[in-house]
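Chemist: There's a structure below that I have some questions on.
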């Protein structure tokens, strides 16, 4: 009788082992699924929540946005306000209205932007294609103390960034704002100018990614 009971005991042991295995597997899958769902929810709120807020803010300043596909491995949509130019991760607006430097910056801020910060020569090469060679345009660069301590409007480190001044510029401490201007035989470059002179300007904002 003992011999007849052994196969049954082994079957019960195997059955219990399988039950334990599948129980652990089901619990593990449930936990992983819960973690995945929580991760998705958090990512959505961190990413799309901020994007939605930014889009809402832009719609208060602009009548519409132009969106276009970017990226290769996965589809990414980038948006700029209508009539703004797209380059890299930024959108640019070339103002046709002439104002003082401070007023130009206020106008950019009112549109959710700031006066342009030029970070690379490629960025400047793109911008000058949109500019009028007979005009001068304010940049988001100033030296408010007149002591050669130039600062970008977005706190980009000046000395660690690209500097594309015309030869022998800046050259006058009373000229505390920077502009980009086209000079014959020199092309486009930066020049220090008086902040209270009226000039055109360039606004910049970061693209919205969807």
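Chemist: Can we say residue 115 is closer than 17 Å to residue 162 by Cα, in contact with a helix residue (DSSP H, G or I) (Cβ under 6 Å, 6 or more places away or on another chain) and in the same structural domain as residue 184 (by TED's automatic domain parsing)? Before the answer, list the steps.
Modeler: Details: closer than 17 Å to residue 162 by Cα: yes; in contact with a helix residue (DSSP H, G or I) (Cβ under 6 Å, 6 or more places away or on another chain): yes; in the same structural domain as residue 184 (by TED's automatic domain parsing): yes.
Answer is yes for this residue.
Chemist: Against the definition (more than 17 Å from residue 92 (Cβ to Cβ), without any contact (Cβ under 8 Å) to a residue 24 or more places away in the chain and either surrounded by fewer than 19 Cβ atoms within 10 Å (Cβ to Cβ) or more than 23 Å from the chain's Cα centre (by Cα) (or both)), how does residue 186 come out, yes or no? It would help to see each step written out before you state the result.
Modeler: Details: more than 17 Å from residue 92 (Cβ to Cβ): yes; without any contact (Cβ under 8 Å) to a residue 24 or more places away in the chain: yes; either surrounded by fewer than 19 Cβ atoms within 10 Å (Cβ to Cβ) or more than 23 Å from the chain's Cα centre (by Cα) (or both): yes.
Yes: the conditions hold for residue 186.
Chemist: For region 108-125, give me the residue count where each residue is in a helix (DSSP H, G or I) and either on the phi > 0 side of the Ramachandran plot or crowded, with 17+ Cβ neighbours inside 10 Å (or both). Quick ask: steps written out before the conclusion?
Modeler: Initially, region 108-125 is screened for residues in a helix (DSSP H, G or I), giving 108-110, 121-125.
Among the residues that remain, those that are also either on the phi > 0 side of the Ramachandran plot or crowded, with 17+ Cβ neighbours inside 10 Å (or both) are: 108, 123-124.
Final tally of qualifying residues: 3.
Chemist: Output the number of residues of region 198-210 satisfying the condition of being in contact with a helix residue (DSSP H, G or I) (Cβ under 8 Å, 6 or more places away or on another chain) and in a loop (DSSP other than H, G, I, E, B).
Modeler: 1
Chemist: Could you check residue 100 against (1) touching a strand residue (DSSP E or B) at 6+ places or on another chain (Cβ under 6 Å); (2) more than 18 Å from residue 165 (Cβ to Cβ); (3) surrounded by 17 or more Cβ atoms within 10 Å (Cβ to Cβ) and say which number it fails?
Modeler: The number of the failed condition is (1).
Chemist: Only one of these is surrounded by fewer than 17 Cβ atoms within 10 Å (Cβ to Cβ), within 15 Å of the chain's Cα centre (by Cα), farther than 30 Å from residue 194 by Cβ and modelled with pLDDT under 85: 43, 72, 51, 60. Name it.
Modeler: Values: 43 fails: within 15 Å of the chain's Cα centre (by Cα); 72 fails: within 15 Å of the chain's Cα centre (by Cα); 60 fails: within 15 Å of the chain's Cα centre (by Cα).
Being surrounded by fewer than 17 Cβ atoms within 10 Å (Cβ to Cβ), within 15 Å of the chain's Cα centre (by Cα), farther than 30 Å from residue 194 by Cβ and modelled with pLDDT under 85 holds for just one of 43, 72, 51, 60, which is 51.
Chemist: So for region 164-172 (the condition being surrounded by 12 or more Cβ atoms within 10 Å (Cβ to Cβ) and under 26 Å from the mean Cα position of the chain (by Cα)), does at least one residue qualify?
Modeler: Yes, region 164-172 contains a residue that is surrounded by 12 or more Cβ atoms within 10 Å (Cβ to Cβ) and under 26 Å from the mean Cα position of the chain (by Cα).
The values are calculated or read from the model by the stated rules, or taken from the named source; none is laboratory data. Computed from a prediction, not measured in an experiment: that's the story for all the values here. In this analysis, Cβ positions are derived from the backbone assuming ideal geometry, glycine residues included, and neighbour counts consider all displayed protein chains.
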